[in-house]
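The values are calculated or read from the model by the stated rules, or taken from the named source; none is laboratory data. What you see is a predicted model; the values in this text were computed from it and never measured. Here the Cβ positions follow ideal geometry from the backbone for every residue, glycine too, while neighbour counts run over all protein chains shown. Note: areas computed on protein heavy atoms with side chains; ligands, DNA, RNA excluded. Shrake-Rupley method; radii C 1.70, N 1.55, O 1.52, S 1.80 Å.
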Amino acid sequence: MAFDYLRGVRSLIPLWAILAGCGSEVHQPVGYNHDVHVNKLQIGCDNCHAGSMTGQVAGLPTVSDCADCHAEANGTSDEEKKVVEAVKANRPLVWQRLYSIPSHVFFTHRRHVQSGGIACERCHGLMKNQKRPPPAPLVALTMTDCINCHRERGVSTDCTTCHR
Amino acid sequence: MNETEHAKARPRWGMVIDLDRCDACQGCTTACQTENNIPPPTPQSAAQDRSIRWMELLPNVEGEYPRVKLRLIPRPCMHCDKPPCIKVCPVGATAIGAEGIIAQVYARCIGCRYCTTACPYTARYFNWYPPRWPEQLSQSLNPDVSVRPRGVVEKCSFCHHRLQKARDKAAAEKRELRPGEYLPACVEACPTKAMFFGDLDDPRSEVAQLARSPRSFRLLEDLGTEPKVFYLREGE
């Protein structure tokens, strides 16, 4: 009963509306290109998002994850130059978070990716095809999405499963 | 898997507190306070009786002067099977889960405090003040527990954030949760080993056996709230 009530209330204020309302665009330090690295160079997601398959938190890459390939320039792009400079100076690249859930919700990647067998795309959209960092999440993940899939898959929907 | 099959396979979490072994050291209260990011009492909150204690030592005076005996009874949330608090919540901010833990969803709570009144164990607390810690402590909050804003009700959660993490670890290692792998902070900290925690529905578990002992009783049992916290009175 609580759910039906909640769904009614929550559907009035979806997350994307809040995000759009704030107009909070995410700006990254480098115009990173997923398409080149994932589709052309075939680098696995977990090389840069170390915990995305085996950890709770997926994590974002540090400059040392780029160092192996970007100690010298591979191409002519200005964006790559920024990376090479950062690698040479060992200056951190501070990536801004795109997807995040509030601190009162527990989420774990390995449970979904490993034992749940769920593809990254299901929750993050086609991140691998992005040629530039997206300014907003490609998929607005709300509680309704979590609950709907949990219902479909027979996973617990108790408040304590996610809230803390 | 259908709903009932799912429900059957799941544990029913409960606690046993042996009052014979408890020496009222308040180790449980302190452990709870740090584990759950509960702001320490201030002179103001103490004076107004508005300090928050998820695990409180309730004083119980027996006998008459000059033969008085003060007994202190540790009181967490009872996680009642028939919880009066849930019935009165107008917004569904508190709910009982399939494993018997009473959830408090702070984001949903509107702070009406019906539940604090309904709870016969006074286990629920309203946040009268914005949460504050002394400078040194504010750097060492537990990231697994969210900090409650002013204006919402909170209470003992049986440290269910520990269950979330233990389940996640067990699943990653492709195994079932082991008995004792999920313990609330108070149980873990108790120096006299007076507290027990586990699955009340598993007849082999220590808590299930202790809960059935002749020494066992529950607080305000006649109210029919069916608490899942059992006490053991002094025994032979």
Residues in the stretch B:53-67: is at least one more than 18 Å from A:Thr160 (Cα to Cα) and within 14 Å of chain A (Cβ to nearest Cβ)? no
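Among B:Ala107, B:Ala103, B:Ala123, which is open to solvent by less than 10 Å² (accessible area, probe 1.4 Å), at pLDDT 95 or above, within 14 Å of another protein chain (Cβ to nearest Cβ) and not in a helix (DSSP H, G or I)?
Numbers: B:Ala107 fails: open to solvent by less than 10 Å² (accessible area, probe 1.4 Å); B:Ala123 fails: within 14 Å of another protein chain (Cβ to nearest Cβ).
Going through B:Ala107, B:Ala103, B:Ala123 in turn, the sole match is B:Ala103.
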Does any residue of the stretch B:154-163 turn out to be in contact with a Ser or Thr (Cβ under 7 Å, 6 or more places away or on another chain) and within 14 Å of another protein chain (Cβ to nearest Cβ)? yes
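With respect to B:Pro149, is the statement that it is more than 12 Å from chain A (Cβ to nearest Cβ) and farther than 30 Å from B:Asp199 by Cα true? Step through it out loud before you land on a result.
Working: more than 12 Å from chain A (Cβ to nearest Cβ): no; farther than 30 Å from B:Asp199 by Cα: yes.
No, not satisfied.
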Of the residues in the stretch B:80-100, those that are assigned to a loop (DSSP other than H, G, I, E, B) and closer than 15 Å to B:Gly224 by Cβ number 4
Please enumerate the residues belonging to the stretch B:12-54 that are under 12 Å from the mean Cα position of the chain (by Cα) and assigned to a loop (DSSP other than H, G, I, E, B). B:Asn36, B:Arg53, B:Trp54
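Quick one: in the stretch A:154-164, of everything that is among the polar types (S, T, N, Q) and assigned to a loop (DSSP other than H, G, I, E, B), which residue is farthest from the other protein chains (Cβ to nearest Cβ)? If you could, list the steps in order and put the result at the bottom.
First pass over the stretch A:154-164, keeping only residues among the polar types (S, T, N, Q): A:156-157, A:160-161.
Now narrow it down to the ones that are assigned to a loop (DSSP other than H, G, I, E, B): A:156-157.
Working: A:Ser156: 6, A:Thr157: 9 Å.
Checked the stretch A:154-164; the qualifying residue farthest from the other protein chains (Cβ to nearest Cβ) is A:Thr157.
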Can you confirm whether the stretch B:185-206 contains a residue that is surrounded by fewer than 15 Cβ atoms within 10 Å (Cβ to Cβ), under 21 Å from B:Met55 (Cα atoms) and touching a Lys or Arg at 6+ places or on another chain (Cβ under 9 Å)? yes
Within the stretch A:119-142, take every residue that is touching a residue at least 40 places away in the same chain (Cβ under 8 Å), assigned to a helix (DSSP H, G or I) and open to solvent by 60 Å² or more (accessible area, probe 1.4 Å) and give me the one that is farthest from the other protein chains (Cβ to nearest Cβ). A:Asn129
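Taking the stretch B:87-100 as the region of interest, how many residues are among the aliphatic types (A, V, I, L, M) and more than 9 Å from chain A (Cβ to nearest Cβ)?
Looking only at the stretch B:87-100, we keep the residues that are among the aliphatic types (A, V, I, L, M), and these are B:88, B:91, B:93, B:95-96, B:98.
After this cut, where a residue has to be more than 9 Å from chain A (Cβ to nearest Cβ) as well, the list is B:88.
Looking only at that region, the number is 1.
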Go through the stretch A:23-97 and tell me which helices (runs of 4 or more DSSP H), entirely inside it, have 3 or more residues that are touching a Cys at 6+ places or on another chain (Cβ under 9 Å). A:78-89
Every listed condition ((1) over 20 Å from B:Ala172 (Cβ atoms); (2) within 9 Å of chain B (Cβ to nearest Cβ); (3) more than 15 Å from the chain's Cα centre (by Cα)) holds for A:Arg151 save (2)
Please specify each residue of the stretch B:59-75 satisfying the condition of being exposed (fewer than 10 other Cβ atoms within 10 Å of the Cβ) and either acidic (Asp, Glu) or assigned to a strand (DSSP E or B) (or both). B:Glu62, B:Glu64, B:Lys69
